[in-house]
Amino acid sequence: MLLKGKVVVVTGGAGLLGQSFCRAIGREGGVTVIADISREAGTKAAETLHGEGLAADFVELDITRQESVQRLIAEVLAHHGRIDAVVNNAYPRNRNYGRKLEEVQFEDFCENVSLHLGGYFLVAQQFAAHFVKAGGGNIVNMSSIYGVMAPRFEVYEGSPMTMPIEYAAIKSAVVHLTKYFAQYYKKAGLRCNALSPGGIEDGQPSQFLENYNRHAGSKGMLRATDICGALVFLLSASSEAINGQNLVVDDGFSL
Ligand SMILES: NC(=O)c1ccc[n+]([C@@H]2O[C@H](COP(=O)([O-])OP(=O)(O)OC[C@H]3O[C@@H](n4cnc5c(N)ncnc54)[C@H](O)[C@@H]3O)[C@@H](O)[C@H]2O)c1
């Protein structure tokens, strides 16, 4: 029960990692707020957790709109009276996201950086303002191994997948945004860390998995549940002396 009584908002809480995170927070005694742009997926995720006897609410959120983030904070405070932490975990992208470098249009590059990195900034800025007033808080920003290492393009050979250039720009910036917030607010009882997973299993083509696993350790490509221990640690008092850091969880892929 590392998170007993803690109220934790997870943006993108209805997604692949988000749902696993919310379950892990609930199992550690925390109350999760699934904050997601998809009402349908978010409501379903909350119902699933209730079915498992875990505490979870759904609040609709668009991380790219200030009034939406402010409404979320107000709703959580009205319902629970406190917010202990936010996990910046949503994954917005436009319909042209995921193209090869040569095919990326300037407008798409800017829009994707703006939605994802801009949205993470907005969530961190708005929650930090509340945490300063409340006397403390905790922000965990989701980055990725591709925020700290150059892509291994060979793992995508034989599959239509690639590692988008926008993702490298966004995720490396998320690591530094994390350090900026940590430094700026370190006297305010607010800490801010990043969590950088390797690739997560999600029905990818077998050729890709085989290529990827050549670089991984004994576990190979990780599952969403493999990242939860690190998230719970960053949200818990066990990590209270850790601030402005980036925790890589990738079974050695980035070594
Ligand atoms: N899946 C991976 O392999 C992997 C690896 C490393 C890091 N990450 C990072 O983890 C985080 C979660 O990734 P995922 O794979 O679970 O993503 P996902 O696509 O499965 O889920 C993302 C969620 O974000 C929601 N969302 C999209 N736009 C939104 C917006 N504007 N406002 C609020 N919610 C919005 C979606 O509805 C969805 O539920 C992302 O930051 C991602 O970059 C993922």
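The values are calculated or read from the model by the stated rules, or taken from the named source; none is laboratory data. Because the structure is predicted, anything quoted here is derived from the model rather than measured. Virtual Cβ from ideal backbone geometry, glycine too; neighbours counted across all protein chains shown. Heads up: the accessible areas ignore ligands, DNA and RNA and are worked out on the full protein's heavy atoms, side chains in. Shrake-Rupley method; radii C 1.70, N 1.55, O 1.52, S 1.80 Å.
Structure data summary
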| item | result |
| --- | --- |
| Within region 185-255, GluC sites (Glu not before Pro) in DSSP loop having at most 15 other beta-carbon neighbours inside 10 Å | E201, E240 |
| FRET efficiency estimate (nearest 0.05) - Cβ-Cβ, K186 to E75, R0 30 angstrom | 0.60 |
| Protein accessible area in region 7-249, 1.4 Å probe - carbon and sulfur % | 51 |
| Integer Hz, Karplus 6.51/-1.76/1.60 couplings in order for region 178-195, x for Gly and Pro | 4, 5, 4, 4, 4, 5, 4, 10, 5, 8, 9, x, 10, 10, 9, 10, 10, 10 |
| Pair F233, R39: separation of 7 Å Cα→Cβ label points (nm) | 4.0 |
| Angstrom value of the Kirkwood radius, inverse mean 1/r, which spans all Cα pairs in the chain | 18.5 |
| Taking all pairs of distinct alpha-carbon atoms in region 176-234, Kirkwood radius in angstrom | 13.8 |
| Extension gain (nm, one decimal) between E60 and A134, 0.36 nm per residue minus Cα-Cα | 24.3 nm |
| In region 88-117, trypsin sites (Lys or Arg not before Pro) in a DSSP loop with at most 14 other beta-carbon atoms within 10 Å | R95, K100 |
| Sites T225 and R82 - FRET efficiency at Förster radius 35 Å, r taken between beta-carbons, to 0.05 | 0.80 |
| Residue-wise HN-Hα coupling along region 94-99, computed from phi with Karplus coefficients 6.51, -1.76, 1.60 (Hz; x: Gly, Pro) | 8, 6, 9, 5, x, 6 |
| Region 128-166: GluC sites (Glu not before Pro) falling in loop per DSSP and having at most 16 other Cβ within 10 Å | E157 |
| Computed [θ] at 222 nm, deg cm²/dmol, the chain (DSSP H ≥ 4; -39,500 (n - 2.57); rounded to nearest 500) | -12500 deg cm²/dmol |
| Total charge dipole magnitude, the chain, about the Cα centre, Cβ charges on Lys, Arg, Asp, Glu only, Debye to nearest 20 | 840 |
| Relative contact order (percent, whole number), region 174-255, Cα cutoff 8 Å, 6+ residue spacing | 44 |
| For region 209-227 versus region 28-77, the gap between their alpha-carbon centres in whole angstrom | 29 |
| For V248, residues with placed amide H under 5 Å, excluding near neighbours | S196 |
| Distance in nm between pseudo-label sites at R214 and E201 (7 Å out along the Cβ direction from Cα) | 2.1 |
| Per residue, in Å², the accessible surface of region 7-249 once ligands and nucleic acids are set aside, probe 1.4 Å | 46 |
| Over the chain, relative contact order from alpha-carbon pairs under 8 Å, at least 6 apart, % | 18 |
